[in-house]
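Chemist: First, the structure itself, so that you have it in front of you.
The values are calculated or read from the model by the stated rules, or taken from the named source; none is laboratory data. Everything quoted here is computed from the prediction, not taken from an experiment. Don't worry about glycine lacking a Cβ; one is built from the backbone with ideal geometry, like all the others, and counts go over all protein chains shown.
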Amino acid sequence: MLKEFQEYLKKNGQIKANSLPYYVKWVADCYSFLDKPISEIIYNEEKRRFLTHLFQDHEDWQIKQADYALKLYSYFLSQRQKEGGSEENFLKEWKMVEERAIKSLRLRHRSYRTERAYLAWLARFKDFVKAKHPLELTGEDIQNFLTSLALERKISPSTQNQALNAILFVFRHVLKKDVKGYVDAVRARQKRRLPVVLTKREVRQIFDLMTGVYRLMAMLIYGCGLRLSECVRLRIKDIDLEQDIIIIRSGKGEKDRITILPESLKDDLIKHTECVRILYEQDQENNLDGVMLPDALERKYPTAGKEWEWFWLFPSRSLSVDPRTKIIRRHHIHPGLLQRAFKVAVKKARISKQASVHSLRHSFATHLLEDGYDIRTVQELLGHKHLQTTMIYTHVAKKNVLGVKSPLDK
């Protein structure tokens, strides 16, 4: 392989003949240092390790020469794979990028949901660049991909931003490439939409048509202003019945916050907790692995997952396999089950609005403003970073707050 590389350099006339052996030597030394097959393309991170090693006892010009030699060799390998039509090697390289992306995401404690979303965008990006090798990717590829999403797929701005974040993550943390200045793509058009808000009567109608644990969850989301994901991830210890508060841990933006606990839900929560305790004790008798703990707590406190206070407030009735650790354990209720029960109740109530579970959170904020609470308080209860985000509810609540009447009614 190295002889072919030397012939390739000689043929292209890029390097002086007397320097060719040194270029070949740098490549051989690098692969020997990394203990990798000479036919495998190395990544920037690995190359940097070798150059750092050279820095200890080599001059600057030698390090620059070694760096250039490795760049030429990477290009030589990529061209060779193209000419040979090595589909297997191409797929292997992209598979390696995917594996490194997973590792990087987990090192940074990104959620499993984020991990799946980023990998899905990586797969779509790979299809967009077609047969291009990962090491040949440039910032222009990102720009063209984002532009195609906006112009051809007509995606929303939030979806385009998610795609941008996913691909930038891979470039920065996996491929180790700086792509500043290459995200000036055609942006998806921002559409200003008001949130779907239910009236207090409609909220009561929906709750009357729901039963069991799903009714309790829906009432908790409306009564506390929770996001759906925050509700399903509640632990026993997050409910403080004495102080009438709920602690939301690692909410959106990895922020903790405190919100109100409705007095009217206390009795239902106590009864529900007693039922959950029975399920918890059954798991203890069956010696099941404890529930999943956030971040590094599972390593720091290996038995904490089996303690009552860490148990899910809304546990699933069936066991499942943890997609990351492959451990069989009890997870929380799947969000889709509550969404389905809520949709059925909305349909039965004959409410024509496009209401979802998240509409209960919108309704919580709007009804508080209509009742005269100041917007800063609402912002804190919702956990919004910027007041501007909370201000959207003033547009929905304004009609009732100002008491405006149509001239036709007069």
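Table: residues versus (1) at pLDDT 80 or above; (2) in a helix (DSSP H, G or I); (3) of a type in the set (Ser, Thr, Tyr).
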| site | (1), (2), (3) |
| --- | --- |
| 19 | yes, yes, yes |
| 26 | yes, yes, no |
| 32 | yes, yes, yes |
| 68 | yes, yes, yes |
| 80 | no, yes, no |
| 89 | no, yes, no |
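Chemist: Here's something else I'd like to know. How about the range 99-118: which of its residues are touching a residue at least 24 places away in the same chain (Cβ under 8 Å), surrounded by 16 or more Cβ atoms within 10 Å (Cβ to Cβ) and not small (Gly, Ala, Ser)?
Modeler: 100, 105, 118 - these are the residues of the range 99-118 that are touching a residue at least 24 places away in the same chain (Cβ under 8 Å), surrounded by 16 or more Cβ atoms within 10 Å (Cβ to Cβ) and not small (Gly, Ala, Ser).
Chemist: Evaluate the following for residue 226: is it more than 30 Å from residue 157 (Cβ to Cβ) and either assigned to a helix (DSSP H, G or I) or modelled with pLDDT of 90 or more (or both)?
Modeler: Values: more than 30 Å from residue 157 (Cβ to Cβ): no; either assigned to a helix (DSSP H, G or I) or modelled with pLDDT of 90 or more (or both): yes.
Against the criterion (more than 30 Å from residue 157 (Cβ to Cβ) and either assigned to a helix (DSSP H, G or I) or modelled with pLDDT of 90 or more (or both)), residue 226 does not qualify.
Chemist: From (1) at pLDDT below 90; (2) out of contact with any Asp or Glu (no Cβ under 7 Å at 6 or more places or on another chain); (3) more than 30 Å from residue 277 (Cβ to Cβ), pick out the condition that doesn't hold for residue 397.
Modeler: Residue 397 satisfies every listed condition except (2).
Chemist: I would also like to ask the following. List every residue pair whose Cβ atoms lie under 8 Å apart, where the two residues are 6 or more positions apart in sequence or sit on different chains, the first residue falls within the range 147-169 and is closer than 16 Å to residue 123 by Cβ and at pLDDT 90 or above, and the second residue, located anywhere, is among the polar types (S, T, N, Q) and in a helix (DSSP H, G or I).
Modeler: That search, which allows pairs on different chains as well, returns 169/104.
Chemist: Oh, and also: Taking only the range 194-228 into account, find how many residues are of a type outside the set (A, V, I, L, M, F, W, C) and closer than 18 Å to residue 267 by Cα. Write out each step before concluding.
Modeler: The initial filter retains those residues of the range 194-228 that are of a type outside the set (A, V, I, L, M, F, W, C), namely 195, 199-202, 204-205, 208, 211-212, 214-215, 222-223, 225, 227.
Checking the rest, the ones that are also closer than 18 Å to residue 267 by Cα come to 208, 211-212, 214-215, 222-223.
Residues meeting the conditions: 7.
Chemist: Those residues that are touching an Asp or Glu at 6+ places or on another chain (Cβ under 8 Å) and farther than 14 Å from residue 174 by Cα, I need them from the range 100-122; list them, please.
Modeler: Of the residues in the range 100-122, the ones touching an Asp or Glu at 6+ places or on another chain (Cβ under 8 Å) are 102, 105-106, 109, 119, 122.
Correct list: 109 only.
Chemist: Just to be sure before I move on: is residue 259 surrounded by 15 or more Cβ atoms within 10 Å (Cβ to Cβ) and in a helix (DSSP H, G or I) in the structure I sent? Working first, answer last.
Modeler: On the way: surrounded by 15 or more Cβ atoms within 10 Å (Cβ to Cβ): yes; in a helix (DSSP H, G or I): no.
For residue 259, the condition - surrounded by 15 or more Cβ atoms within 10 Å (Cβ to Cβ) and in a helix (DSSP H, G or I) - is not met.
Every residue, every condition in (1) among the polar types (S, T, N, Q); (2) part of a loop (DSSP other than H, G, I, E, B); (3) free of Cβ contacts under 8 Å to residues at least 24 places away in the same chain, yes or no:
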{"site": "309", "(1), (2), (3)": "no, no, no"}
{"site": "319", "(1), (2), (3)": "no, no, no"}
{"site": "323", "(1), (2), (3)": "no, yes, no"}
{"site": "331", "(1), (2), (3)": "no, no, no"}
{"site": "339", "(1), (2), (3)": "yes, no, no"}
{"site": "363", "(1), (2), (3)": "yes, no, no"}
{"site": "366", "(1), (2), (3)": "yes, no, no"}
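Chemist: Moving on to the next point. Taking residue 190 as meeting all but one of (1) modelled with pLDDT under 80; (2) over 29 Å from residue 250 (Cα atoms), write down the number of the exception.
Modeler: (2)
Chemist: Which condition from (1) modelled with pLDDT of 95 or more; (2) within 22 Å of residue 325 (Cβ to Cβ) is the one that residue 207 breaks?
Modeler: Checking residue 207 against (1) modelled with pLDDT of 95 or more; (2) within 22 Å of residue 325 (Cβ to Cβ), the one that fails is (2).
Chemist: What number of residues in the range 48-66 are of a type outside the set (Val, Ile, Thr), in a helix (DSSP H, G or I) and either surrounded by 11 or more Cβ atoms within 10 Å (Cβ to Cβ) or outside the structural domain of residue 26 (by TED's automatic domain parsing) (or both)?
Modeler: Total meeting the criteria: 11.
Chemist: Would you pick out the residues in the range 350-361 that are in a loop (DSSP other than H, G, I, E, B) and buried (at least 22 other Cβ atoms within 10 Å of the Cβ)?
Modeler: Step one: filter the range 350-361 for residues in a loop (DSSP other than H, G, I, E, B), giving 350-357.
Passing the criteria: 355, 357.
Chemist: Only one of these conditions is not met by residue 246: (1) touching a Leu at 6+ places or on another chain (Cβ under 6 Å); (2) part of a helix (DSSP H, G or I); (3) at pLDDT below 95. Which number is it?
Modeler: Of everything listed in (1) touching a Leu at 6+ places or on another chain (Cβ under 6 Å); (2) part of a helix (DSSP H, G or I); (3) at pLDDT below 95, residue 246 misses just condition (2).
Chemist: I'd like the residue in the range 10-47 that is over 22 Å from residue 173 (Cα atoms) and of a type in the set (A, V, I, L, M) and, out of all such residues, is surrounded by the fewest Cβ atoms within 10 Å (Cβ to Cβ).
Modeler: Across the range 10-47, the extreme among qualifying residues is 17.
Chemist: Tell me, which residue of the range 272-287 that is assigned to a helix (DSSP H, G or I) and polar (S, T, N, Q) is farthest from residue 218 (Cα to Cα)? Lay out the reasoning, then the answer.
Modeler: Kept after step one, since they are assigned to a helix (DSSP H, G or I), are these residues of the range 272-287: 272-285.
Subset that is polar (S, T, N, Q): 273, 282, 284.
Details: 273: 16, 282: 27, 284: 29 Å.
The qualifying residue farthest from residue 218 (Cα to Cα) is 284.
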